[in-house]
1. Any residue that is within 22 Å of the chain's Cα centre (by Cα), surrounded by 24 or more Cβ atoms within 10 Å (Cβ to Cβ) and in the same structural domain as residue 140 (by TED's automatic domain parsing) - is there at least one of those in region 197-212?
2. (1) under 16 Å from residue 214 (Cβ atoms); (2) surrounded by fewer than 17 Cβ atoms within 10 Å (Cβ to Cβ); (3) not charged (D, E, K, R): which one isn't true of residue 169, the others all being true?
3. Within region 133-147, is even one residue surrounded by fewer than 20 Cβ atoms within 10 Å (Cβ to Cβ) and among the aromatic types (Phe, Trp, Tyr)?
4. Quick one: residue 154 ticks every box in (1) buried (at least 24 other Cβ atoms within 10 Å of the Cβ); (2) assigned to a loop (DSSP other than H, G, I, E, B) bar one, so which box is it?
5. Could you go through region 159-180 and let me know if any residue there is closer than 23 Å to residue 42 by Cα and in contact with a Ser or Thr (Cβ under 7 Å, 6 or more places away or on another chain).
6. Give the number of residues within region 63-80 that are under 14 Å from residue 116 (Cβ atoms) and either buried (at least 24 other Cβ atoms within 10 Å of the Cβ) or touching a residue at least 40 places away in the same chain (Cβ under 8 Å) (or both).
7. Any chance region 85-94 includes a residue that's among the small types (Gly, Ala, Ser), outside the structural domain of residue 239 (by TED's automatic domain parsing) and at negative phi?
Amino acid sequence: MKAIVCRAYGAPREVTSVQSIGAPRIVGDNEVLIEVHHATVSHATGLLIEGRYQKSPPFPFVPGTEGVGRVLRTGSTVRHVQPGDTVVFICDWGAYSEQLVVHATTVYPVPKTLDPLKALALPISYGTAYTALHWRAQVREGDSILVLGAGSGVGLAAVELAAQIPNVTVIACASNEGKRLAALRHGAQHAVDPQHLIEQVKQLTHGLGASIVFDPVGGDLLLTSLRCTAPNGKVLIIGFASGTIPQVPMNIALVKNLTIHGFFYGQYIGWTPANERERYADDMQSMMAELLDMALREAIHPGITQVLRMTQLCDALDALHGRAVVGKLALAIHGDAR
């Protein structure tokens, strides 16, 4: 079967290639063999290949942590999916291969009437946004939520999910007009630019500031956002797409009585040394069922902006790093590029 193989840490163009490798032969009791049709590309993909992510796969390895496809075989204890089902899944790595064995706890059945490419956008971006907002920050009616990096996959997901909560004000911050317009189409009431963030947020919140900041960007933008966070506000640290981990001035956190939440979605899906995927499996299955239902009812509008060929992984990563992408990109693994 075909797969994208990474043979060493380094620049993706130098260390990855499409190769022919052996197909999986063994499926454990609590595992699922999946024919992978499409898989997403994210900033984390590049970090994993470069050796700058939390995980360190043994060489050679196949990147890719999220995909959609068809179940070929299930282990003896698996009951929630069966051969022939369309599923989305999260894996430690390996999604850029035509077949993959995945732990059953992070495999989720897709409703027959839902476009699989819409389902593909849900597990990581929408899952991260949902669990961060609801499980970690415990968002409630009346909150004002500032979403940084609102044109990204996880940013747009946070905008859409926050907009579902009654009486919540969603303020989207994005780097260009196209991304700000996309955020407005996805449910934000307001869209602001990073250059005038403080004065715009203060004006939109009648001088109070945002009660919750959702930040997948990091860098100087986080430091700026602290100055327009409301007293007693909450700051969700989702990631560092800017490439810079900021040094937070704790005096601001002190005088504003802020709560700063570090948030790692990987805790719920087995990406920590403790591997707690089974502990959170029921909660994750319920959350994903809710997201899939919301997508089916068109309460949210997940989707893939563009599907590229397997040989275009590096082009996809370049586009992401150049901030030229609104939403999410995917690779056609056992399917067609669009």
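The values are calculated or read from the model by the stated rules, or taken from the named source; none is laboratory data. Keep in mind it's a predicted model, so treat the numbers as computed, not measured. FYI the Cβ positions are ideal-geometry reconstructions off the backbone, even for glycines, and counts take in every protein chain you see.
1. Taking region 197-212 and keeping what is within 22 Å of the chain's Cα centre (by Cα), we get 212.
Those left that are additionally surrounded by 24 or more Cβ atoms within 10 Å (Cβ to Cβ): 212.
Then keep just the ones that are in the same structural domain as residue 140 (by TED's automatic domain parsing); that gives 212.
Scanning region 197-212, I find at least one residue that is within 22 Å of the chain's Cα centre (by Cα), surrounded by 24 or more Cβ atoms within 10 Å (Cβ to Cβ) and in the same structural domain as residue 140 (by TED's automatic domain parsing), so the answer is yes.
2. Against the list (1) under 16 Å from residue 214 (Cβ atoms); (2) surrounded by fewer than 17 Cβ atoms within 10 Å (Cβ to Cβ); (3) not charged (D, E, K, R), residue 169 comes up short only on (2).
3. yes
4. Going through the list (1) buried (at least 24 other Cβ atoms within 10 Å of the Cβ); (2) assigned to a loop (DSSP other than H, G, I, E, B), residue 154 breaks only (2).
5. Looking for residues that are closer than 23 Å to residue 42 by Cα and in contact with a Ser or Thr (Cβ under 7 Å, 6 or more places away or on another chain), one finds none in region 159-180, hence no.
6. So the count comes out to 4.
7. If we filter region 85-94 for residues that are among the small types (Gly, Ala, Ser), which is where we start, we get 94.
Narrowing the set further to residues that are outside the structural domain of residue 239 (by TED's automatic domain parsing) leaves 94.
Adding the requirement that they be at negative phi leaves none.
Looking through region 85-94, none of the residues is among the small types (Gly, Ala, Ser), outside the structural domain of residue 239 (by TED's automatic domain parsing) and at negative phi.
Listed here are the residues, each with its yes/no results for (1) of a type in the set (Val, Ile, Thr); (2) modelled with pLDDT of 95 or more; (3) farther than 26 Å from residue 205 by Cβ.
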residue	(1), (2), (3)
111	no, yes, yes
115	no, yes, yes
119	no, yes, yes
124	yes, yes, yes
128	yes, yes, no
